[in-house]
Amino acid sequence: MIDQGELFHTPNPCRSICTVNNKGFCKGCFRSREERFHWNEFTEFQKHLVVQLCQVREKRVEAARRKKQLQEAQALAQQKAQFDLFGEAIVYEETQLNLDTENENSPQIGLL
């Protein structure tokens, strides 16, 4: 009996990026060297399994990338919330510019 997966052609997942990451997987299609070199020798079922593995690898890479971005954003937020030696918040130029424009528009400026 024929496996249903053999009835459908599995396209090559190559995205023409073809650079290898630090773990030996292609950065474009997430296949290993052996999977790339022997793609034409695989059965349709094996190709389907490789594509599924590539999808799992891509999700892991994306999750790691999102985790790193979140950590960087948290570190930046923590850095902005640091206090100086006297316990006063560090004032950034952006904040100072906003305060200056607010003071110019204030009707109480002439009273001081």
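The values are calculated or read from the model by the stated rules, or taken from the named source; none is laboratory data. Small disclaimer: the values here were computed from a predicted structure and weren't measured. Using ideal geometry, Cβ is built from the backbone for each residue, glycine included, and neighbour counts are taken over all protein chains shown.
Per the conditions (1) charged (D, E, K, R); (2) surrounded by fewer than 11 Cβ atoms within 10 Å (Cβ to Cβ); (3) at pLDDT 90 or above, the sole criterion not satisfied by residue 84 is (3).
For residue 28, the conditions (1) over 30 Å from residue 9 (Cα atoms); (2) surrounded by 10 or more Cβ atoms within 10 Å (Cβ to Cβ); (3) modelled with pLDDT under 95 are fulfilled apart from (1).
Report the residue count in region 28-57 for those that are in contact with a Pro (Cβ under 6 Å, 6 or more places away or on another chain) and closer than 16 Å to residue 18 by Cβ. Result for region 28-57: 2.
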